[in-house]
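Just so it is clear, none of the values below were taken in a lab; they were calculated from the coordinates. These figures come from a predicted structure and were not determined experimentally. Neighbour counts are summed over all protein chains in view; Cβ atoms, including those assigned to glycine, are modelled from backbone coordinates with ideal geometry.
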Amino acid sequence: MEIMHVNILNSILNNSYENLEDSLTNSFFDRIKDMIECDKLVIGNRDLRHLWIVTLYNLCTANKVLNLYLRTNRKTYKEDSIVLCKKISHLLSEFVNQCDIGEIYKRPSLFTYILLNLERNEQFVPSNSSIQSAMVKIKEALLNVYSKASFKDLCWMYINLHHIDKRISNSVANLVIEKLSKTRYVDRQLLPQVVLCLAYYLSDKYDEKLHFNFPVKFERVNFEDIYRIIFPKYLEAQEVDISLSDMSKLYNMSDFEIRKALVKIIKTSSEIPNYVKRRLEMEAQRPHTGAEISDFELPIQIGGQTLYVCFPIKSGREISSTVPEKFIYQILRPFVHYKYCAVIFLTAKKCSLNLKNMIEKYKDRFSVPIEVLENSNLGKLFRIYGVI
């Protein structure tokens, strides 16, 4: 869903919609119907209530992407999107009407997210008593909870409420600013939400566009140390001759096969502790979800500190020519979650010029530690370790 979300945003910003007629879009709409049906089964089963929260977030995020697609006025999946929005509105409103009011008090940011999606769907979904009742229930509960909410919840509440209820959102905004003024340190994971809150607050106050210039810098890492630990034969690999047959094997590897190859390579390193090696098989088989930080990751020790090495992966099967710029978010996402990390982007096909330029801009401006192992360089590494 995140890839589709970025794809649509990119199309809107560039006023170019060819990307919305490709196999990614077709795959998204094929899969999202089944996903919503699965979510329906989960929230209708009390034995699976431990999955209800993540399922509700999943439905809201799906609805957000569908709404964004409808904004493009593309006809290909317009009717499908409206039908799916109706289903999601029904599922969300039924859940809210049946849940205990205490659930809203415990998770105000989630329920404002639900409220936002119910409100957004009103332009496509005819309102009924169930939807109206759910929206009223959330709004009335919020009046009693926002003054007691945590700073993190307040940020998300303000972001969600900003475009739908100015009366409540203004009160929440004042609390956000008050708490922020008393905060000496903002956690990096919360920084994007805080910036967005400030942007909303200041744009409302001054009624003009804002320009932010944050001197964000990440801790520098030495990739020679990382390669020495993870890929001890990396320097030797540069001298390896690689054949067209080897490259063909690399291009035909799936994402799962590349992860399995990584496990075989990393297990050969004497620098990796046994308890980390035992976790590698599980890491390679971990299913992809919207909540994952990277396709493959592992902790290593450098200078007495734990450094998380994250591997976004693009297989040759996924990419027809070169890796487009829209996948930059996968490369940058680990830096939001980890304070001390490095990213090694593995791709069987070459990066597009636009993606290479974007990576270099982030490295120059924010010192993000990113390395790219692409095409023949990745092939040489796999060849010397005997995994192709």
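Some observations on this one:
- Extension gain for the segment Thr61 to Leu235, taken as residue separation times 0.36 nm less the Cα-Cα distance, is 58.3 nm to one decimal.
- Sorted from greatest to least, the principal axis extents spanned by the alpha carbons of region 223-384 come out as 40, 34, 31 Å.
- Karplus 3J(HN,Hα) series, Hz, for region 157-165 with 6.51 cos²θ - 1.76 cosθ + 1.60 (x for Gly, Pro): 4, 5, 4, 6, 8, 3, 9, 10, 8
- Beta-bridge orientation, the chain: approximately 40 percent antiparallel, per DSSP, counting only bridges with both partners inside.
- In this structure, the pairs whose alpha-carbon distance is over 18 Å, taken from Lys33/Lys86; Lys152/Lys182; Lys148/Lys182; Lys64/Lys137, are Lys64/Lys137.
- Reachable aspartates and glutamates, given that their alpha-carbon falls under 14 Å from the alpha-carbon of Lys166 and they are not under 8 places away in the same chain: Glu119, Asp204
- Separation of region 320-353 from region 220-252 is 17 Å, based on Cα centroids.
- Normalised contact order of the chain, rounded percent, pairs of Cα under 8 Å and 6 or more residues apart: 13 percent
- Its Kirkwood hydrodynamic radius, worked out from the mean inverse distance over all distinct Cα pairs, puts region 18-59 at 11.5 Å.
- Spatially, region 17-73 and region 138-209 are offset by 27 Å when compared through their Cα centroids.
- Cβ crowding within 10 Å ranks Cys99, Cys60, Cys38 as Cys38, Cys99, Cys60, fewest other Cβ atoms first.
- FRET E, pair Tyr251, Leu196, Förster distance 56 Å, beta-carbon r, rounded to 0.05: 0.90
- Sorted by Cβ neighbour density within 10 Å, fewest at the top, the residues His337, His50: His50, His337
- Cross-link partners of Lys380 among lysines, defined as those whose alpha carbon lies under 16 angstrom from its own and excluding same-chain residues fewer than eight positions apart: Lys233, Lys249, Lys264, Lys349, Lys350.
- Quotient of Cα Rg and 2.2 N^0.38 Å for the chain, N being how many residues it contains: 1.10
- Rg/Rh for region 2-145 stands at 0.99; both radii use Cα atoms, and Rh follows the Kirkwood definition.
- Rounded to the nearest 10 degrees, the angle from helix 23-43 to the longest Cα principal axis of the chain is 60 degrees.
- Counting every other Cβ atom within 10 Å of each residue's Cβ, Leu280, Leu66, Leu24, Leu154 order from fewest to most as Leu24, Leu280, Leu154, Leu66.
- Cut-off under 5 Å, modelled amide H: who pairs with Ile302 long-range: Leu307
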